[in-house]
Amino acid sequence: MASQVALCCMSHSPLLHRADPGAETRKAVDTALAEARAFVDEFDPELVVIFGPDHYAGFRYRLMPPFCIGASASAIGDYGTESGPLDVPQHVADDLVGSVLEAELDVAMSERMTIDHGISQPLEVLLGSIGARPVVPIFINSVAAPLGPMRRARLLGEAVGEFVATLDKRVLIVGSGGLSHDPPVPKLRTAEAEVAEYLIDKQRTPAEQQRREQQVYDAGQEFAQGASGLKPLNPNLDNEILDLLAAGDLHRFDEFTVEWLDAHGGGSVHEVRTWVAAHAALAATGPYRTTSTFYEPVPAWIVGFAVTTAVST
């Protein structure tokens, strides 16, 4: 029997539960997330495959793979998210690694993957906790230059989807990140020496992590007040992305270069790679239909916030 497959993609934000976006925006986002949670509850997945980024918590320049599949994983608990182990079915992760390599896509594997809010937050929102369901985490580098072409994320998604289709399970595919946003993330080649050390290999102490989280909060407040040098959100680009995903026109993303996306969507818009991979995985199992789309630019969170759900047809 073939797997039953559904999809939910959502933005994440370190400020989701920490900064006030205004009563109307909060209500709209909370409603969209509650509807996504209800969608997941009704589907009742036996396995979750999540594509997500990392923000120099688990993956640093000491060794920065484009893609990595976790055969075991644990969350650090940043920005108020849960810490602790994920329930990763090792044999499924091992088989997935082999299947993706067989598809001629070079993917790393990790026996001790560390994840941050980029993966843990959607698991909490959609499932109730990071350990609620068996999950295979797939890291897609979306922050640390140099970044490969968008086409590679699509091909990764296709390879994952072809594997998922063989499992005879109800599989939820999740993409976490984006859309347009330009948060204050340092760049290795322009960072001061001390900051560069964190990007390469140095772990933050709890006090240093707390200071970093306060810096991000302050940056969000400045951005919301129009007093920031960060690139503005781009609703036009965000809605174009959502339209292409809903239409299943995934090859169009091959035309989006790193430089063009960076100029029009900010330094972290590249997290949309997780959405492209997730939709490509769903498409590899057969035609799909988008069942809901929510979008709201949220300056206080420095993000074009979106949520989509889709099912195979």
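Since every read-out is calculated from the coordinates, none of them should be taken as a lab result. Fair warning: this is a prediction, and the values are worked out from it, not measured in the lab. With ideal geometry, Cβ positions are generated from the backbone for all residues, glycine too; neighbour counts draw on all protein chains shown.
In this structure, the amide hydrogen of Val303, modeled 1.01 Å from its nitrogen in the peptide plane, lies closer than 5 angstrom to those of Val298, counting only residues at least 5 positions away or on a different chain.
Placing a label point 7 Å from the Cα of Thr313 along the Cα-to-Cβ direction, the residues of the stretch 235-279 whose backbone N falls under 15 Å from that point are 244-250. Grab the beta carbon distance between Glu240 and Ser129, set R0 = 35 Å, and tell me the FRET efficiency rounded to 0.05. Rounded to the nearest 0.05, the efficiency is 0.55.
Among Ile241, Ile119, Ile140, the ranking by other beta carbons within 10 Å of each residue's beta carbon, starting with the fewest, stands as Ile241, Ile140, Ile119. DSSP finds beta bridges in the chain, and of those with both partners inside it, around 50 percent are antiparallel.
As a calculated quantity, the FRET efficiency between Ala219 and Arg151 at R0 = 45 Å, using C-beta atoms, amounts to about 0.90.
One decimal place: the segment Asp249-Asp95 gains 52.6 nm when fully extended, by the rule 0.36 nm per residue minus the C-alpha distance. Convex hull volume of the Cα atoms of the chain, normalised per residue: 117 Å³.
Cross-link reach is defined here as a Cα-Cα straight distance under 22 Å, omitting same-chain residues fewer than 8 places apart; for Lys231 the lysines meeting it are Lys187. Among the GluC sites (Glu not before Pro) in the stretch 137-242, those located in a DSSP loop and surrounded by at most 12 other Cβ atoms within 10 Å of their own Cβ are Glu192. Taking every Cα-Cα distance in the stretch 44-173 and sorting them into 5 Å bins from zero, the calculated P(r) comes out as 2, 11, 23, 24, 22, 13, 5, 1 percent. Note on Glu102 and Arg37: the model spin-label points, each 7 Å out from Cα along the C-beta direction, lie 3.9 nm apart.
If Lys and Arg each add +1 and Asp and Glu each add -1, what is the summed charge of the other residues whose beta carbon sits under 11 Å from the beta carbon of Val48?
Neighbour charge sum, excluding Val48 itself: +1.
Footprinting exposure proxy ranking of Tyr79, Tyr56, Tyr217, fewest other C-beta atoms within 10 angstrom first, gives Tyr217, Tyr56, Tyr79. Among complete DSSP H helices in the chain, those whose alpha-carbon atoms stretch at least 20 Å along the helix's long axis and whose mean Kyte-Doolittle hydropathy reaches -0.5 are 23-43, 150-164.
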